Amino acid sequence: MPVIDISHTIKNGMPVFPGTEAPTIEEVFSHEVHGFREHRLNIFSHIGTHIDAPNHMLPEGETLDEMDVSRFIGPGICIDCTHKTPESPEISIDDLTPYETEISECDFVLLNTGWNKHWGTNKYFTRYPALNEAAASWLVDFNLKGVGVDVISIDSAEISGYAVHNILLEQGTIIIENLNNLHLLPKDGFLFSSLPLKFVSADGSPVRAIAIY
């Protein structure tokens, strides 16, 4: 049963959403001194590959710890959006309709923009392909569990506000951001899993996102 890791590694100095503090990972106990090894992690809830819960944007929205664990796993499809460019970055309904049948049969839609190749550079944060509002509204009609992207945010950095976040999260559709290596996913579907940490009032959480096929 092949398993593909589609997550970024959390480490000191990694890229973070502008305005967010970078993680600090510190070895507190060592084999040499204490006979065992343990680290202290200081991270934000939306670091690296992570889930946005409805509560991330909506004061009365669900938190991850309130959601049934089945909401984080299910059949998925990956849609090729690598034809999008910085000059024409909008992902529209026209980009999604060729996959309508497949979308109707799955729980998760992942958008492969190829933008993960810019991870670790300033280019990663601007002019990346992103869903427009109409496409987001079209997707929620499929009652998906989640939509995932390989960019820093599901909303465009060039448009103010968080309209796409709100369209999806208002319907209970979770968002997975900063996915990696989506080009490795099979075209005929897979089982997607993105289990979050279970901590109280979780507005988001890093995940180890994987695809099984």
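Odds and ends about this structure:
- Label corresponding to Rg/Rh (Cα atoms, Kirkwood Rh) when calculated from the structure given, among [x] 1.05; [y] 1.60; [z] 0.98: [z]
- In the context of the full set of protein chains, segment 59-213 has a per residue accessible area of 46 Å² (1.4 Å probe).
- Pairwise centroid distance, computed over Cα atoms, of segment 90-167 with segment 28-65, Å: 24
- The chain - percent of accessible surface contributed by carbon and sulfur, probe 1.4 Å: 51
- Peptides 168-176, 135-143 ranked from most to least packed, by the mean per-residue count of other Cβ atoms within 10 Å: 168-176, 135-143.
- Loop-located trypsin sites (Lys or Arg not before Pro) across segment 1-87 with a Cβ neighbour count of 16 or fewer within 10 Å are Lys11, Arg37, with loop assigned by DSSP.
The values are calculated or read from the model by the stated rules, or taken from the named source; none is laboratory data. Worth saying up front: this structure is predicted, and the values here are computed from it rather than measured. Methodologically, a virtual Cβ is constructed for each residue, glycine included, from the backbone with ideal geometry; neighbour enumeration extends over all protein chains shown. Calculation scope for accessible area: heavy atoms of the full protein, side chains included, ligands and nucleic acids excluded. Shrake-Rupley method; radii C 1.70, N 1.55, O 1.52, S 1.80 Å.
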